[in-house]
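Working notes, structure below.
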Amino acid sequence: MDDWLRRYAGQNQRNNTAATWVIAEQGYRVAAYTTLSMTAIDHTAAPAPLRKAAPDPVPALLVGRLAVDEAFTGLGVGTALVRHLLATAVELNLSAACKAVVVTALHEQARSWWLKLGFTPLEDDGLELYLLTADIHKTLG
């Protein structure tokens, strides 16, 4: 987890390819991190709710990485980061419209976690999921 942060986070930030947020405890131990960048989805590959009233390609935000240290698993740190990303997506949507937030789950367990947060699969059994920007308020409560 820390290796990716050391090797790529700063580089991505400097090259304007991804923004990274980190949660660390007082001793500077990284509890979790996540990244967000712009992306686009091919109109023909998008499900109907994503295509509706959207240009081709469909503008979106990509959660590129989300990692939680094992010592912090189950404490809500990952959920807190996602809530932050979604609030950021709402803000960004005001100035640079995006139709959805998208993510690729690493495995079925992660997919289930994203589904609980309100995300919908791009394909019925796929690991790529999305949440319409217009529906973020439902997740944020």
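With +1 on the Cβ of every Lys and Arg and -1 on the Cβ of every Asp and Glu, and nothing else charged, how large is the dipole of segment 34-125 about its Cα centre, in debye rounded to the nearest 20? That gives a dipole near 280 debye. In summary, the lysines within cross-link reach of Lys116, defined as a Cα separation below 22 angstrom excluding same-chain residues under 8 places away, comprise Lys99, Lys138.
Rounded to the nearest 500, the helix-only mean residue ellipticity at 222 nm of the chain stands at -8000 deg cm²/dmol, with each DSSP H run of n ≥ 4 adding -39,500 (n - 2.57). With only the Cα atoms considered, segment 46-125 has a convex hull volume of 101 Å³ per residue. Of the beta bridges DSSP finds with both residues in segment 2-140, what % are antiparallel, to the nearest 5? So the antiparallel bridges amount to about 85 percent of the total. Straightening the chain between Phe72 and Ala97 buys 5.6 nm, computed as 0.36 nm per residue apart minus the Cα-Cα spacing. The ranking of Val101, Val63 from fewest to most other beta carbons within 10 Å of each one's beta carbon is Val63, Val101. Averaging the sequence gap over all C-alpha pairs within less than 8 Å and six or more residues apart, then dividing by the number of residues, gives segment 2-140 a relative contact order of 19 percent.
Note on segment 5-141: along the principal axes its Cα atoms extend 48, 32, 27 Å, ordered by decreasing extent. Cβ crowding within 10 Å ranks Glu123, Glu70 as Glu70, Glu123, fewest other Cβ atoms first.
Of Thr44, Thr88, the sequence from fewest to most neighbouring Cβ atoms within 10 angstrom is Thr44, Thr88.
None of the figures in this text is laboratory data; all of them are computed from the coordinates on show. Not measured: the values here are computed from a predicted model. Here Cβ is always computed from backbone atoms with ideal geometry, including for glycine, and neighbour counts include all displayed protein chains.
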